[in-house]
Amino acid sequence: MKRDRYSHRRGSRPRRGRVSVMRSLLFSQKTLGAILVIMIAAGAYVTSYLTGSGNQIAGPDAASALGSAPAPIVGVASIVDGDTIEIHGQRIRFNGIDAPESSQNCGDASGREYPCGRKSAEALDIFLSQSRPIHCSFVSWDRYHRFVGDCERADGTSVSSWMVERGYALDWPRYSHGSYAQQQADAQRAKIGIWVGTFTAPWDWRATHAGNNKTGNDTSYGLIGRRRIAQSYSCQPRRFCKQISSCDEARWYLDNCSWGPKLDRDGDGIPCEGIC
């Protein structure tokens, strides 16, 4: 009778083994939930870091940066300015350095102004022509949809290192983390390139000339000439104004491509009026 009296109580109690399993499952769900929250937070942080101010990756291109990197670009380069080239229709910005802008002037040893931006671009053109093709490995995209990369000549010489050590560009700590600081110190000590006189750092120069010099704008670049720069333009693929870096480039598309007139929405003969 005792067994019958208490048998219903024993039957209503969950066994210890069953309680342990339920607690384990509950703990596992909580642990997985916590891990998921951490992963989401980490992903948000990484995206914020990549797309935030001061980073070379911006907007929709962050997805490309978080995914697989584009293949290296290899070819003969057309010169845009001292830190930007174009290969197969793709603009490539050298990673970690900043050269004087195309329309920027510097002071020489006598205090006279000279076009240091054009001089930098000319030096780059000569340097790259001596060992072709150029090989550029992907680092990131910038907000102008330029491929930011580490580039080498066919002989393995780093383009960024050479430009800085010859005084034609500066180490850009914001992105290089001092990778070219030693080359810059050597150039400064030797007083070569822009170090021969006075100059404004390109990033500061752009900040004070924002009204007439957009980053990536090469409208004033004339030393190598429009004809050579035009050789890098192509009607394939189709371009939109937000992907075009200069007025000269926009006009070339307008005059030479079947889709060019679409860059001139109001039909006044001026394409991409935001840059022309």
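Can you tell me which residue is most open to solvent (accessible area, probe 1.4 Å) among those in the range 112-141 that are in a loop (DSSP other than H, G, I, E, B) and under 23 Å from Thr200 (Cβ atoms)? Break it down into steps so the answer makes sense when it comes.
Here is the first cut: in the range 112-141, the residues in a loop (DSSP other than H, G, I, E, B) are 112, 115, 130-133.
From what is left, the residues that are under 23 Å from Thr200 (Cβ atoms) are 112, 115.
Details: Arg112: 147, Pro115: 62 Å².
Among those residues, the one meeting the criterion is Arg112.
Residues of the range 149-177 being out of contact with any helix residue (DSSP H, G or I) (no Cβ under 8 Å at 6 or more places or on another chain) and aliphatic (A, V, I, L, M), which ones?
Ala154
Of the conditions (1) at pLDDT 95 or above; (2) of a type outside the set (Gly, Ala, Ser); (3) touching a Ser or Thr at 6+ places or on another chain (Cβ under 8 Å); (4) closer than 29 Å to Gln243 by Cβ, Leu124 clears all except one; give me its number.
All conditions are met except number (3).
Quick check on Gly82: is it at pLDDT 95 or above, in contact with a Phe, Trp or Tyr (Cβ under 7 Å, 6 or more places away or on another chain) and open to solvent by less than 10 Å² (accessible area, probe 1.4 Å)? Walk me through it before giving the result.
Details: at pLDDT 95 or above: yes; in contact with a Phe, Trp or Tyr (Cβ under 7 Å, 6 or more places away or on another chain): yes; open to solvent by less than 10 Å² (accessible area, probe 1.4 Å): yes.
For Gly82, the condition - at pLDDT 95 or above, in contact with a Phe, Trp or Tyr (Cβ under 7 Å, 6 or more places away or on another chain) and open to solvent by less than 10 Å² (accessible area, probe 1.4 Å) - is met.
Out of Tyr168, Tyr144, report the one residue that is in a loop (DSSP other than H, G, I, E, B), at pLDDT 95 or above and of a type in the set (Phe, Trp, Tyr). Lay out the reasoning, then the answer.
Details: Tyr144 fails: at pLDDT 95 or above.
Result: Tyr168 is the single residue among Tyr168, Tyr144 that is in a loop (DSSP other than H, G, I, E, B), at pLDDT 95 or above and of a type in the set (Phe, Trp, Tyr).
In the range 173-197, which residue that is modelled with pLDDT under 95 and either surrounded by 13 or more Cβ atoms within 10 Å (Cβ to Cβ) or within 20 Å of Ile85 (Cα to Cα) (or both) is farthest from the chain's Cα centre (by Cα)?
My answer is Pro173.
The values are calculated or read from the model by the stated rules, or taken from the named source; none is laboratory data. Only a predicted model underlies this, so the values are computations on that prediction, with no experimental measurement involved. Neighbour counts are summed over all protein chains in view; Cβ atoms, including those assigned to glycine, are modelled from backbone coordinates with ideal geometry. Side chains included, ligands, DNA and RNA excluded: accessible areas come from the protein's heavy atoms. Shrake-Rupley method; radii C 1.70, N 1.55, O 1.52, S 1.80 Å.
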